[in-house]
Amino acid sequence: MATTDATPGELESDAGLTTAELGAWRGLLRVHASLMKALDAELEAAHGLALTSYEVLLQLAEAPERKMRMCDLADSVLLSRSGMSRLVDRLERDGLLTRAACAADARGSYAVLTAEGLARLEAARPTHHEGVRRRFLAHFGDEDLAQLARYWQRVLDAGASA
């Protein structure tokens, strides 16, 4: 139980986290949600492309032969396999990617970026980059950004070793 002479960083909430811990955690969640919502809205308005669709197209554009196995693509954009399947269905209907059979695994398939998908990605990229700069990067100096990158890597490394 916290005492009345404790500093704010030492006070425990009902969740068992200090005020500072809760502030850091909730801040991360609020900032992430706010940024994703705003960046998604910008891409939708300017290019008719959801942020998750942009991420799928980006992953495919950066992949060898502009194709990825569906399971790897789902992991790279943090979607469930069923969610990825539905998204790929929509992107395929829009002509932004196609599916191809996987010769090594009859149950597996590839998502393959089309020329139209690459063109749509390239058209949307400046909008997305400008939004990221304006809504996030502009609030930090170069050293701040380098430090943030180190912090994120620290968390990722700890998760990978767990």
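Rule-based calculations on the coordinates, nothing more; no lab input. If you're wondering where the values come from, they're calculated on a predicted model, not measured in any experiment. Every residue, glycine among them, receives a Cβ derived from its backbone with ideal geometry; neighbour counts consider all protein chains shown.
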Could you list, in sequence order, the residues of segment 20-52 that are small (Gly, Ala, Ser) and either touching a residue at least 40 places away in the same chain (Cβ under 8 Å) or part of a helix (DSSP H, G or I) (or both)? ALA20, GLY23, ALA24, GLY27, ALA33, SER34, ALA38, ALA41, ALA45, ALA46
Flag if ALA41 is small (Gly, Ala, Ser), closer than 20 Å to HIS128 by Cα and surrounded by fewer than 16 Cβ atoms within 10 Å (Cβ to Cβ): yes
